[in-house]
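Participant: This is the structure I want to talk about, given as structure tokens.
Read-outs throughout are calculated quantities, based only on the coordinates presented, and are distinct from any laboratory measurement. Values in this document were obtained by computation on a predicted structure and should not be read as measured data.
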Amino acid sequence: MHHGWMPGGLGWIFWILVILGVVWALRAGRREQRGAEGRASEEALRILESRYARGEIEHEEFERRRQDLLR
């Protein structure tokens, strides 16, 4: 007897694969977003360290901004 559009009761396998695909896609998107944020914050910290090394900012300002970036 034919129930639904998948023969032999295989419809549940199809839906499990669909759900797993959606979960995988969402997790991959989150990993990519976190990676971009991490690179941006590393670049900002590098620039801050460079400004401090050149004497453009004082130690107190450097520490305050560094703490802001590390949050």
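Participant: Taking 0.36 nm per intervening residue step and subtracting the Cα-Cα distance, what contour gain separates Glu60 from Ile16 on full extension?
Facilitator: Full extension from Glu60 to Ile16 adds 10.3 nm.
Participant: How much length is gained on full extension from Ala25 to Glu43, taking 0.36 nm per residue of separation minus their Cα-Cα distance?
Facilitator: Extending this stretch completely gives an extra 3.7 nm.
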